[in-house]
1. Look through the range 341-382, keep the residues that are of a type in the set (Gly, Ala, Ser) and touching a helix residue (DSSP H, G or I) at 6+ places or on another chain (Cβ under 9 Å), and return whichever of them is farthest from residue 192 (Cα to Cα).
2. Would you point out which residue out of 83, 91, 117, 121 is outside any loop (DSSP other than H, G, I, E, B), surrounded by 20 or more Cβ atoms within 10 Å (Cβ to Cβ) and touching a His at 6+ places or on another chain (Cβ under 7 Å)?
3. Taking the range 94-113 as the region of interest, how many residues are assigned to a helix (DSSP H, G or I) and surrounded by fewer than 22 Cβ atoms within 10 Å (Cβ to Cβ)?
4. Just a yes or no: is a residue in the range 334-354 farther than 17 Å from residue 296 by Cβ and under 25 Å from the mean Cα position of the chain (by Cα)?
5. Under the condition of being in contact (Cβ under 8 Å) with a residue 12 or more places away in the chain and out of contact with any Leu (no Cβ under 8 Å at 6 or more places or on another chain), which residue from the range 39-65 is farthest from residue 95 (Cα to Cα)?
6. If the Cβ limit is 9 Å and pairs must be 6+ apart or interchain, which residue in the range 194-217 that is closer than 19 Å to residue 167 by Cα pairs with which residue that is surrounded by fewer than 14 Cβ atoms within 10 Å (Cβ to Cβ) and basic (Lys, Arg)?
7. Scanning for something touching a residue at least 12 places away in the same chain (Cβ under 8 Å), closer than 14 Å to residue 343 by Cβ and of a type outside the set (A, V, I, L, M, F, W, C), does the range 288-299 turn up at least one residue?
Amino acid sequence: MPGQAFQREPQDMLRKRLVLSLGAVVVIGVACVVGRSAYDKWVERREGALKTQCRETYESDDWDRLEQLAREWLDLNPESADAWIFLADAAKQRNDLEHTVEYLKRVPRSDPKVVDALAEAINIEFGPLNRPLEGARLCEEVLGIAPRTPIPRQRLIFFHALTLQRVKMIAQIRQALELQCEAPEAYAYLVLSDHLSFTNGFKLNSQWLQEAPESELFLVARAIQMSETLSKLEDQTLESDEQRSERTKLMNQYLKQYPSNPPLLRHFLALAVEQSDIAEVGRLLKQVAPESSEDSVFWRYRGWYYAGVEDFEQAEIAYRKAGMLFRLDWHVWHELAAVLRRQGELDEAEYLERVALEGKTLRKELMELPDVSKLTPEILERIGTYAEHCGDNLVAKAVRDRLHGG
């Protein structure tokens with residue numbers, strides 16, 4: 001019927017227009033895909049050409065041109081590790097170290113080249129830029145990406161040691177032992193960590209303080225190492241009474257300013273114990289912050305305090321806690337042995353006293369070494385034996401693996 005034909009015609013036209021529109025969309029989509037594919041290929045070719053040009057320009061020492069090419073490359077691909085590294089090279093060759101580290105830090109974390117790039121940034125931060133706090137942060141970042149990378153961990157251990165961050169230093173060393181990527185000096189640092197002291201500690205902390213003059217970390221570490229170095233001088237006349245008084249005044253001022261600072265408290269606790277001042281030890285222990293509860297030295301001083309007031313049960317608990325947190329401190333075993341003798345535990349006391357003497361002798365020999373990074377196999381063997389006697393299986397096994405393979 002004519003009416004029915006009239007009703008179908010618009011529907012047919014609509015269907016045809018829809019088909020044509022869909023076809024156009026498909027054609028446009030295909031064109032876009034083809035166009036994108038062609039563009040990607042062009043970018044790939046252009047990147048390859050820029051990489052070649054950057055290499056040639058680097059060899060010709062044209063640093064302005066190298067920067068120009070690297071920036072052009074980054075305009076094409078901001079995630080190119082090679083482009084950021086070439087840009088950093090250009091900045092470094094012009095002694096623009098601020099921008100050098102900035103560009104090295106821009107290398108994508110997913111690229112394998114990031115570890116070497118950040119390692120270079122770490123060297124600059126610790127070296128000419130004299131920014132050890134940022135250098136330490138980058139060390140931690142690298143170890144988060146590649147935990148077995150040796151140099152950043154060595155840097156971090158050394159930094160923690162020089163700034164008297166005992167707990168952090170020990171944690172880094174033990175992680176290195178677990179990963180079998182420790183440096184030889186790590187074993188010496190462990191045995192010596194009951195009391196950290198370095199001949200270059202004052203100098204380096206003074207240098208680092210120039211970049212961060214308000215840093216509690218550097219102020220305290222410098223003051224302690226200066227004070228301890230002067231107090232150990234064979235010729236005490238090299239320091240006048242007035243200078244000694246000023247030094248004591250400065251240390252007391254820092255303790256008032258930073259009452260819970262762990263290295264400061266360890267320093268003053270050692271002095272109080274040396275003077276057998278039980279009341280002062282008790283007062284200082286009250287200033288230990290909860291976050292320092294993992295520092296075995298404070299537990300050792302608690303043991304000393306309780307033994308001093310003849311609460312031998314609490315003294316034993318404190319000493320055993322100290323030994324659990326850190327097993328290589330010979331003082332713990334020596335002082336625990338004394339408490340056990342008072343309690344009639346003679347067999348264990350005798351064993352612990354032998355272990356303590358072994359550790360004390362070993363520590364003395366390590367202190368006399370000119371370079372703890374060159375430990376002899378004999379010294380390493382003795383460290384492993386001492387660790388085994390102390391119950392530190394990780395250190396004992398690490399030494400065996402290092403000496404005999406594992």
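1. 349
2. 91
3. We begin by selecting, within the range 94-113, every residue assigned to a helix (DSSP H, G or I); these are 97-104.
Remaining after also requiring surrounded by fewer than 22 Cβ atoms within 10 Å (Cβ to Cβ): 97-99, 102.
Qualifying residue count, the range 94-113: 4.
4. Of the residues in the range 334-354, the ones farther than 17 Å from residue 296 by Cβ are 338, 340-351, 353-354.
Pick out the ones that are also under 25 Å from the mean Cα position of the chain (by Cα) and you get none.
No, because not a single residue in the range 334-354 is farther than 17 Å from residue 296 by Cβ and under 25 Å from the mean Cα position of the chain (by Cα).
5. Initial filter on the range 39-65 (in contact (Cβ under 8 Å) with a residue 12 or more places away in the chain): 43, 46-47, 50-51, 53-54, 57-58, 61, 63-64.
Filter once more, keeping what is out of contact with any Leu (no Cβ under 8 Å at 6 or more places or on another chain): 51, 61, 63-64.
Working: 51: 23, 61: 13, 63: 11, 64: 13 Å.
The selected residue is 51.
6. Here the result reads 197/232, each pair linking the range 194-217 to a residue that is surrounded by fewer than 14 Cβ atoms within 10 Å (Cβ to Cβ) and basic (Lys, Arg).
7. Kept after step one, since they are touching a residue at least 12 places away in the same chain (Cβ under 8 Å), are these residues of the range 288-299: 288-289, 292, 294-299.
Those left that are additionally closer than 14 Å to residue 343 by Cβ: none.
Within the range 288-299 (the criterion being touching a residue at least 12 places away in the same chain (Cβ under 8 Å), closer than 14 Å to residue 343 by Cβ and of a type outside the set (A, V, I, L, M, F, W, C)), the answer is no, since none of the residues qualifies.
Listed here are the residues, each with its yes/no results for (1) in contact with a Gly (Cβ under 6 Å, 6 or more places away or on another chain); (2) on the phi > 0 side of the Ramachandran plot.
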| residue | (1), (2) |
| --- | --- |
| 312 | no, no |
| 315 | yes, no |
| 328 | no, no |
| 337 | no, no |
| 359 | no, no |
| 388 | no, no |
| 393 | no, no |
| 399 | yes, no |
| 405 | no, yes |
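The values are calculated or read from the model by the stated rules, or taken from the named source; none is laboratory data. If you're wondering where the values come from, they're calculated on a predicted model, not measured in any experiment. Glycine gets a Cβ as well: all are built from the backbone with ideal geometry, and neighbour counts include every protein chain shown.
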